[in-house]
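Encoded as structure tokens, the structure appears first; notes follow it.
Bear in mind that the values in this text are calculations on the coordinates, not laboratory data. None of these values were measured; they are calculated from a predicted model. Here Cβ is always computed from backbone atoms with ideal geometry, including for glycine, and neighbour counts include all displayed protein chains.
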Amino acid sequence: MDVSRIRALRGPNLWSRTTAIEAIVHCTPEESDLSKQTTFVERLRERFPGIGALPEPTAHGVVSMAHALELATLALQTHAGCPISFSRTTPAPETGVFQVAVQYSEEEVGRLALDLAVALLQSAVDDTPFDTADAIAKLKELDEDIRLGPSTGSIVDAAVARGIPYRRLTQGSLVQFGWGSKQRRIQAAECDTTSAIAEGIAQDKELTKKLLHAAGVPVPLG
């Protein structure tokens, strides 16, 4: 199996409205039909019992190694606590070539999950050890390091609950909601209409508490 042209789809795309990692997967004739690879499937489940069931053959053809890669990439992220659910594998016009797309919540986590999934599948092919618990721990640690903070995260969660798409523009807290002419942006808890004066006040915690208290808004002491 050869994985090439890995790219991040950071907005609405051919597959869905969600962000996703897309890869082109080249499979050998043997890898293009896992129904003939029962030993591989057993080894894969031994290394990652939580991977879930491989899809049943559909009108598009048999289940391939690319489908296993899709499932492993998705399952590794979900076991690491990432709130994702979408994935898709579609055969390309060329024989043995597949397009794989897997949703991600954080791009770096999605890319690492794909790399770890490739290593997992290769270990099942070669019958070599693979530490799945360590792989999930790495993904969880990376996700915790780069995820949005509590304030920005709460705003993003509220937008997602309302069906509003979002995209992180930096590794920090700069987030874009919506697309095109209707897009809006926030930086941490400040929006794109926040004035310079309001920004200056918000950065002064003591002044902010004083003004809120004067307006009758309950504020913590200290």
* Which longest uninterrupted range of the chain lacks any trypsin sites (Lys or Arg not before Pro) assigned by DSSP to a loop state (not H, G, I, E or B) and surrounded by at most 13 other Cβ atoms within 10 Å? -> 18-161
* Looking at [x] 1.28; [y] 1.17; [z] 1.05, which value of Cα Rg over 2.2 N^0.38 Å comes from a calculation on the structure shown? -> [x]
* Structure fact -> Taking Cα atoms, the helix 38-47 axis meets the longest principal axis of the chain at an angle in degrees (rounded to 10) of 30 degrees
* ³J(HN,Hα) computed for each position of region 133-143 - Karplus, 6.51 cos²θ - 1.76 cosθ + 1.60, integer Hz, glycine/proline x -> 4, 5, 4, 5, 4, 4, 5, 5, 5, 5, 4
* **Gain on full stretching of the segment that runs from Leu212 to Arg7 - 0.36 nm per residue minus C-alpha separation** => 69.2 nm
* Using the Cα gyration tensor of region 20-106, with a ≥ b ≥ c the square roots of its eigenvalues, what is the shape: rounded (a/c below 1.5), prolate (a/b larger than b/c) or oblate (neither)? -> oblate
